[in-house]
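Values in this text are rule-based calculations from the coordinates and carry no lab data. The model shown is predicted, which means the values in this text are computed figures rather than measured ones. With ideal geometry, Cβ positions are generated from the backbone for all residues, glycine too; neighbour counts draw on all protein chains shown.
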Amino acid sequence: MSDDFLREPVRYLKGVGEKRADVWAEAHGVRTVRDLLHFYPRRYLDRSTVSMVRDLKESTESVTVVGTVRTKGVVPGRNKKRFELIFEDPRGDTMKAVWFQGVWWIRKAFENGERVAFHGKVQKYGRWFSMTHPDFDKLDADAAALDTGRIVALYPGGQAMDKVGLTSRAVRRVVYDLFKEHGLKLQESFPDWITERFGLMEGRVALRAIHFPKDQQELARAKQRLKFEEFFYIQLLLALTREERQEFAGPRFDNPGDYTRQFVREVLPFELTGAQKRALRDVIDDTQTGLQMNRLVQGDVGSGKTVVAVAAMMHALDNGFQSAFMAPTEILAEQHYANLQKYLDPLGVETQLLIGSQTKTEREAALEAIASGRAPVAVGTHALIQEGVTFEDLGMAIVDEQHRFGVAQRAEIFSKGRNPHMLLMTATPIPRSLAMTLYGDLDVSVIDEMPPGRKPVETRLRTEKRRGEMYAFLRDKLEQSQQAYVVYPLVEESEKVDLKDAVSGYEKLQAQFEDFTVDIVHGQMKSDDKDAAMARFKAGETDILVSTTVIEVGVDVPNATVMIIEHAERFGLSQLHQLRGRVGRSDVQSYCILMASYKQSAEAKERLQAMVRTTDGFEISEVDLQIRGAGDFFGTRQSGMPDLKIADVTEDEAILEEAREAAFALVERDPDLQDPKHQLLRDHFERYYAKRKLGFARVG
Ligand code: ADP
Ligand code: MG
């Protein structure tokens, strides 16, 4: 291959060397020439995007101002010292940059007379325009380039990079030399029909232009091409996975069967909602084709996914197969176990529980029942996928709250049977763009209807000074024999402090509500004690249950109608929504009270306001995605969310759709990528995308 040079280490490039290469790899993962080409600038400066102080307005948009540092110093404030710097723009107007945090470090970062580009939101205090904690780039000789009217690329940096002299300027130099030497060797990996149909700039041109754009127009086209490419290969993986599965046999369940019918018609005390029926229909249809099912059931908290899963397991049993039902926590697994016993004992179907905290005897009995096939249904945590767990004939694997599991764990449950059907469940409604990226190869059923009679939860935001009022409200509900949750945050780093917080909250509540029963569950309790506390709450013996977020997922106590969330500003939006989903599970009006401190970050404010505004999980997830950005939405590693360098699922949805169209069209034309026109693309795909992922891809 003529593009072997792409794999050469950067340390041998002119101007790099060992020390810089180490820092570069450590700080930004840049190891090879290819990494370097894809080490994209994080910002560009040019005359059209740099503002002058006299043109500034207060606004929520970030702007860039370039200026020379004039004076600087630490200023004593009312509460806290701050660092202030005054700089002068090329027209002689001055403004301030201010830091409240990291004062001791930042005060050493600037010299008078330096030219610096400051990026941030502008506020006006008195006669001064000011930026607080601006992002900044020191321009040194870059300023000259800017003066000549070029567009100047600024690269991701950091203290370590600065220390070894890998400034933006040095990076530009290395990239420039690289292009001079190798630029012409870069080959176009897309066939003409793709570049033409989607109007893409040639790959080589785009890579050059992303580092050294001639003008904004060229830069825009370069970005479009590179974003398209990033999305394209991910979508190609999904398209091929799906294609491969078309040939993938699964057990054929064509017996409609009595267990399913009896469960739905006789055991369930209610009728399935239309959406539940559709989801079950989808499962039955999928499992009749002879192909292996991979279906995601997406439904908001409380929409009744469990019942669909149970019916799917009965369908497997009607066809002589076992099922496994995997949940992310012990509490949840045990709750499912209790429900399954309630539903399945009347049908004479044995259910076995498998969790880490069982005794050896219990565990061995369960293992035996599962291995011999006597128990058609196994429910549990990760304990289900451990070595030593064998099924007689696993035909249906259900993964509850699937986003809490990694790809590998889903692959493991899959490997416990011979191509069992997979039913993945998630209560996190995800925006379309993200669904295309994460689940683009799965079939999806959406449960978009709540069981009848539910009233949307009323959500209120309260600060400390209304605590008395909140207690009065709570008392009123308790007197009507309803129950309440009071949830405290638990952050791992400050586990001890948080726990103390929850415990003292519990003690206060006990004092306040002497005539009621108050109980507590938290992560440090032994699992037996936790379970006992949960069970007492479920049975109605406890009125108020104080907890850290161990009750987050799935817990179902219909008589609980009040959810009080302490320090609500510290929770993520999806988490708040999940917690709120613990109430509103009956036809009685439920309430969610968010107790928040006065001081809230802008993001926290957005989250809390979204909670008050809507109970629609879908809308919540859109807001959450916008606030957090895609990488963080589920946690990149957990979810198999690809690491996007330039594209952004929220902002570039249109490009994503095109890339998806291209990838699926390609696989349709040439399912094995055998056409010589697709040779380069195939090589590229196999080298950089397929290897890491293909093995697991089939289980989504
Ligand atoms: P989730 O989708 O959050 O997992 P669950 O499966 O826990 O929801 O169901 C929530 C509650 O709704 C449970 O108490 C369940 O018994 C009840 N439920 C489920 N389906 C229906 C229905 N069709 N009609 C009435 N209640 C239902
Ligand atoms: Mg559930």
Can you give me the angle between helix 274-286 and the longest principal axis of the chain, using Cα atoms only, in degrees from 0 to 90, rounded to the nearest 10?
90 degrees
Given the chain, what percent of its DSSP beta bridges are antiparallel, to the nearest 5?
40 percent
Cβ charges +1 (Lys, Arg) and -1 (Asp, Glu), total dipole of the chain, debye:
2920 debye
Checking rank on 20-30, 328-338, with mean other Cβ inside 10 Å and highest first, the result is 328-338, 20-30
Ratio for the range 257-338, C-alpha Rg to 2.2 N^0.38 Å, reads 1.10
Full-stretch length increase - Tyr176, Arg536 - with 0.36 nm per residue and alpha-carbon distance subtracted:
122.7 nm
Give the relative contact order (percent, whole number) for the chain; include only Cα pairs under 8 Å separated by 6+ residues.
13 percent
Quick query: amide H of Asp135 versus all other amide H atoms, modeled in the peptide plane; which residues come in under 5 Å with a sequence gap of 5 or more or a different chain?
His119
Over all pairs of different Cα atoms in the chain, the reciprocal of the mean inverse distance gives a Kirkwood radius in Å of 28.9 Å
Using each residue's phi in the range 562-578, evaluate 6.51 cos²θ - 1.76 cosθ + 1.60 at θ = phi - 60° and report the 3J(HN,Hα) Karplus result to the nearest Hz, with x for Gly and Pro.
10, 10, 9, 10, 7, 6, 4, 5, 8, 8, x, 5, 5, 5, 4, 5, 4
Using the Kirkwood formula on the Cα atoms of the range 51-93, what hydrodynamic radius do you get, in angstrom to one decimal?
12.2 Å
Expressed in angstrom, Rg and Dmax over the Cα atoms of the range 429-486 are 19.3, 52
Under the Debye formula (equal points on every Cα, no solvent term), log10 I(q)/I(0) of the range 458-614 at q = 0.20 Å⁻¹:
-1.43
From largest to smallest, what semi-axes in whole angstrom does the range 47-141 give when each is the square root of 5 times an eigenvalue of its alpha carbon gyration tensor?
20, 16, 12
How high is the FRET efficiency between Arg11 and Tyr44 when r is their beta carbon distance and R₀ equals 30 Å, given to the nearest 0.05?
0.65
Cα-based helix-to-principal-axis angle, 17-28 vs the chain, degrees rounded to 10:
40 degrees
Against the longest principal axis of the chain, how steep is helix 653-669, in degrees 0 to 90 to the nearest 10, with axes from Cα atoms?
70 degrees
How much length, in nm to one decimal, is gained on full extension between Gln386 and Ala472, taken as 0.36 nm per residue of separation minus their Cα-Cα distance?
26.1 nm
Before rounding to the nearest 500, sum -39500 (n - 2.57) across all DSSP H runs of length at least 4 in the chain and divide by the residue total; then give [θ] at 222 nm in deg cm²/dmol.
-12000 deg cm²/dmol
Top positive-direction residue, dipole computed over the range 458-614 with Cβ charges, set Phe513, Leu490, Ser574:
Ser574
Working out 0.36 nm times the residue gap between Asp215 and Lys342, then minus their Cα-Cα distance, what length gain in nm do you get to one decimal?
38.9 nm
Taking the C-alpha atoms of the range 258-447, how large are the radius of gyration and the largest Cα-Cα span, Dmax, in Å?
15.4, 48
